[in-house]
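Asks: Handing you this structure, nothing more for now.
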Amino acid sequence: MISNQILQNTLDGLKAISRVDFSVIDTDGKTVASTTDNEADYVSAVVDFVKSPADSQEVSKYQFFKIYDEQAVEYVLVATGSGEDVYMVGKMATFQIQNLLVAYKERFDKDNFIKNLLLDNLLLVDIYSRSKKLHIRMEAPRTVMIVEAAEGKDVNSVELVRAALPAGNRDFVTAVDENSVIIVKETGVESIKTELEQSAKSIVAALEKEGASKVHIAYGSMVGELKEVSRSYKEAKMALDVGRIFFDERQIVAYSELGIGRLIYQLPIPLCKMFIREIFGNKSPDDFDEETIVTINKFFENSLNVSETSRQLFIHRNTLVYRLDKLQKSTGLDLRIFEDAITFKIAMMVAKYMKYMENFEY
């Protein structure tokens, strides 16, 4: 629902305009927000006023107004002063807070609906009925994006992400856990990748401007119906995990770009260990020295081109050939042969995945 800080900001703004002090008191007599320290003067009177049939009442030098939530009294607004002017200002303030309650209640209901939709907690009939009630279109191209920062979700992350999105959008921004912000983004059918990349870059820039570090964004594939949003969310979660393992240098990762990393991520660990033993025997890829690792990575970057790799490493061609021969003797794989290179590349990725999962478990 509406936060106490929102109510306090509203009262401060109303006082700045009208020069009238206000307080918002709940039905138990507790102060929710106030621009004055005189609440003790009227708290008991507020509790009695809640029980009365009147919508407004003047007591001594204060005027009381009931604020309703679906015909039930939610708060009492207290305006300091008497007379028609204060009464009119009090009625206007009551109207303003009443509308805030309605707006934030609708946002809360939508937020709750979207969370359950993402977590696959709704029956199909519930999705249809609740989306109609909340005026959310069933059929529209949508993609789920997950935004995560290294230090966890800041208290203002949801609002910062919301502010970074274009004005007038139909996107939903929420959080299903304390570490990430979720965006259910309505997209255009054409140039969807460009649109998502631009949105992601804007969000990264906005969060980094506010001091967030190591911001990563992942997004799933586009779905056409609201009931399929949970699938895009699961894809985005996988993209975030796979991105940490194999694409840690990227800030933005798409599910469609995971390639073989997506396959490896779904392999059981026992099968991975068996595969590594077949390739490296009793050794581990971690046993390779830094020079060998740099050589291997650069060789793959240059599509197994010996001349270009030696040039970029600033070494003689024969030196590179010697290193590749040495690697062949220890592993039985010649990286100059395409099939062996593919096997070695997959083995290195599997080893990286296993190492990540072992660290994750602890």
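Asks: Could you tell me whether any residue of region 321-341 is under 25 Å from Gly261 (Cβ atoms), in a helix (DSSP H, G or I), of a type in the set (S, T, N, Q) and in contact with a Phe, Trp or Tyr (Cβ under 6 Å, 6 or more places away or on another chain)?
Replies: No, region 321-341 contains no residue that is under 25 Å from Gly261 (Cβ atoms), in a helix (DSSP H, G or I), of a type in the set (S, T, N, Q) and in contact with a Phe, Trp or Tyr (Cβ under 6 Å, 6 or more places away or on another chain).
Asks: So, one more: Do the conditions hold for Tyr75, that is, is it open to solvent by less than 50 Å² (accessible area, probe 1.4 Å), hydroxyl-bearing (Ser, Thr, Tyr), in a strand (DSSP E or B) and in contact with an Asp or Glu (Cβ under 8 Å, 6 or more places away or on another chain)?
Replies: Yes, satisfied.
Asks: Still on this structure, please answer the following. Of everything in region 149-173, what is modelled with pLDDT of 90 or more and not hydrophobic (A, V, I, L, M, F, W, C)? Give them in sequence order.
Replies: The one that is modelled with pLDDT of 90 or more and not hydrophobic (A, V, I, L, M, F, W, C): Asp171.
Asks: For region 12-27, name all the residues that are surrounded by 15 or more Cβ atoms within 10 Å (Cβ to Cβ), assigned to a helix (DSSP H, G or I) and either touching a residue at least 60 places away in the same chain (Cβ under 8 Å) or β-branched (Val, Ile, Thr) (or both).
Replies: Scanning region 12-27 gives Leu14, Ser18.
Asks: Given the options Lys214, Lys234, name the one that is within 23 Å of Glu358 (Cα to Cα), out of contact with any Ser or Thr (no Cβ under 9 Å at 6 or more places or on another chain), part of a helix (DSSP H, G or I) and open to solvent by 70 Å² or more (accessible area, probe 1.4 Å).
Replies: Lys234 is the lone residue from the list that is within 23 Å of Glu358 (Cα to Cα), out of contact with any Ser or Thr (no Cβ under 9 Å at 6 or more places or on another chain), part of a helix (DSSP H, G or I) and open to solvent by 70 Å² or more (accessible area, probe 1.4 Å).
Asks: Looking only at region 160-186, which residues are open to solvent by 30 Å² or more (accessible area, probe 1.4 Å), without any contact (Cβ under 8 Å) to a residue 40 or more places away in the chain and either farther than 18 Å from His135 by Cα or not in a loop (DSSP other than H, G, I, E, B) (or both)?
Replies: Arg162, Pro166, Ala167, Asp177, Glu178, Asn179
Asks: Which one of these does Leu122 not meet: (1) of a type outside the set (D, E, K, R); (2) in a loop (DSSP other than H, G, I, E, B); (3) under 18 Å from the mean Cα position of the chain (by Cα)?
Replies: Against the list (1) of a type outside the set (D, E, K, R); (2) in a loop (DSSP other than H, G, I, E, B); (3) under 18 Å from the mean Cα position of the chain (by Cα), Leu122 comes up short only on (3).
Asks: Could you check region 36-72 and list, in sequence order, the residues that are part of a strand (DSSP E or B), over 44 Å from the mean Cα position of the chain (by Cα) and hydroxyl-bearing (Ser, Thr, Tyr)?
Replies: Scanning region 36-72 gives a single hit, Tyr62.
Asks: Can you tell which of Ile293, Ile279, Ile260 is of a type in the set (A, V, I, L, M, F, W, C), open to solvent by 40 Å² or more (accessible area, probe 1.4 Å) and modelled with pLDDT under 90?
Replies: Ile293
The values are calculated or read from the model by the stated rules, or taken from the named source; none is laboratory data. All figures in this text were calculated on a predicted structure; none of them were measured in a lab. Here the Cβ is made from the backbone with ideal geometry for all residues, glycine too, and neighbour counts use every protein chain on show. The protein model used for the area step is the full one, side chains on, heavy atoms only, and it has no ligands, DNA or RNA in it. Shrake-Rupley method; radii C 1.70, N 1.55, O 1.52, S 1.80 Å.
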